[in-house]
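Structure, as structure tokens:
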Amino acid sequence: MSNKLVRSIVYWLLLSPLVIVILFPFAVMFVTAVRPRDELFTFPPSWFFSEFRWDNFVDMWTKVNFGGALLNSLYVSVAATVLALVFSIPAAYALSRYRFRGKGLYRNFLLMTQMMSPIVLVLGLFRLMVAFGLVNNLNSLVITYAAFNMAFTIWMLQSYFNTIPRELEEAAWMDGATHLRSLIRIFLPLAVPAIAVTAIFIFINSWNEFVLALTMLRNNNDFTLPVQIFSQVAGRYQIEWHHVMAATVLATVPVAIVFSWLQRYLIRGMALGAVK
């Protein structure tokens with residue numbers, strides 16, 4: 001047996017407890033989602049059951065209004081991601097390339113906003129959205145999620161912009177390019193890994209956010225997935241756990257797809273600035 005194979009086996013043995021801990025909740029969700037309803041509360045608990053009930057997913061889709069909540073979550077997450085990137089990229093470029101009065105104060109302000117929990121601002125945000133007439137409107141979540149994720153996005157992109165040689169930008173200026181054109185033609189193509197990492201971060205945060213969505217939305221047709229799944233549990237005399245778990249399993253699929261699609265950029269982006 002080669003040394004490489006032995007090392008691989010040892011590494012997997014060391015990682016196996018962590019893998020089990022991570023995958024255990026997903027295994028419970030999946031088993032509950034495909035288990036017959038009559039076997040949900042068997043005692044003692046068992047991983048085995050009589051048949052796979054794939055119809056649970058079909059029934060859940062219609063009874064839980066999963067399709068509408070899925071579209072709402074996709075709209076909010078994608079729109080918040082795009083909006084945050086549109087405003088963060090120029091700000092990160094300015095912090096990276098320009099010197100101006102109050103630059104250090106602005107950087108500290110961004111850092112302080114990262115330390116503040118959105119829950120603390122729920123009441124103020126709700127009153128603000130009431131003033132703008134955006135309560136029970138998905139756009140209120142788009143604006144709020146984008147605003148809360150911009151600080152991290154600016155910090156992330158600025159760190160990567162600092163690693164891009166200034167000579168590339170100066171060469172573009174000598175060819176007659178403006179600052180905006182150099183940003184679009186030079187910085188953005190080189191910053192794809194950083195943009196992908198921040199996009200994943202914003203998308204996942206927006207997809208999983210619950211408190212603000214529960215506060216801002218009132219109409220069942222406008223619920224995002226976390227609120228819609230919560231509505232199947234809260235205040236109900238009888239909870240259909242197989243439907244709840246089926247919805248939870250499907251709710252993880254878009255995040256897994258986005259993560260897998262941008263994984264190569266994520267790995268590159270995790271080493272931002274490590275090697276110059």
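The values are calculated or read from the model by the stated rules, or taken from the named source; none is laboratory data. Everything numeric in this text was worked out from a predicted model, so none of it was measured. Glycine gets a Cβ as well: all are built from the backbone with ideal geometry, and neighbour counts include every protein chain shown.
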Enumerate the pairs (first residue in the stretch 30-59 and among the charged types (D, E, K, R); second residue anywhere and surrounded by 15 or more Cβ atoms within 10 Å (Cβ to Cβ) and outside any loop (DSSP other than H, G, I, E, B)) with beta-carbon separation below 6 Å, excluding pairs fewer than 6 apart on the same chain, so at least 6 apart or on different chains. Arg37/His242; Arg53/Val34
Flag if Val135 is surrounded by 15 or more Cβ atoms within 10 Å (Cβ to Cβ), in the same structural domain as Phe203 (by TED's automatic domain parsing) and modelled with pLDDT of 85 or more: yes
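Looking only at residues in the stretch 223-251 that are hydroxyl-bearing (Ser, Thr, Tyr) and modelled with pLDDT under 85, which one is nearest to Ile204 (Cα to Cα)?
Initially, the stretch 223-251 is screened for residues hydroxyl-bearing (Ser, Thr, Tyr), giving 224, 231, 237, 248.
Now narrow it down to the ones that are modelled with pLDDT under 85: 231, 237.
Numbers: Ser231: 21, Tyr237: 32 Å.
Among them, the one singled out is Ser231.
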State all residues of the stretch 47-62 that are part of a loop (DSSP other than H, G, I, E, B) and surrounded by 10 or more Cβ atoms within 10 Å (Cβ to Cβ); if no residue qualifies, say none. Phe49, Phe52, Arg53, Trp54
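Within the stretch 201-222, identify whether any single residue is assigned by TED's automatic domain parsing to the domain that holds Ala247, in a helix (DSSP H, G or I) and under 30 Å from Arg99 (Cα atoms), and answer yes or no. First the steps, then the outcome.
Residues of the stretch 201-222 assigned by TED's automatic domain parsing to the domain that holds Ala247: 201-222.
So of that shortlist, the ones also in a helix (DSSP H, G or I) come out as 201-208, 211-216, 220-222.
If we keep only those that are under 30 Å from Arg99 (Cα atoms) as well, we get 201-202.
The answer is yes; a qualifying residue exists.
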Give me the pairs, please: first residue somewhere in the stretch 230-259 and surrounded by 11 or more Cβ atoms within 10 Å (Cβ to Cβ), second residue anywhere and acidic (Asp, Glu) and at pLDDT below 80, beta-carbon distance under 9 Å, and either six or more positions apart or on two chains. Gln232/Glu240
Among (1) touching a helix residue (DSSP H, G or I) at 6+ places or on another chain (Cβ under 8 Å); (2) surrounded by 10 or more Cβ atoms within 10 Å (Cβ to Cβ); (3) not small (Gly, Ala, Ser), which single condition is Leu23 missing? (1)
Do you know which of the residues in the stretch 169-200 that are among the acidic types (Asp, Glu) and in a helix (DSSP H, G or I) is surrounded by the fewest Cβ atoms within 10 Å (Cβ to Cβ)? Glu170
Quick one: how many residues across the stretch 1-55 are modelled with pLDDT of 75 or more and of a type in the set (Phe, Trp, Tyr)? 7
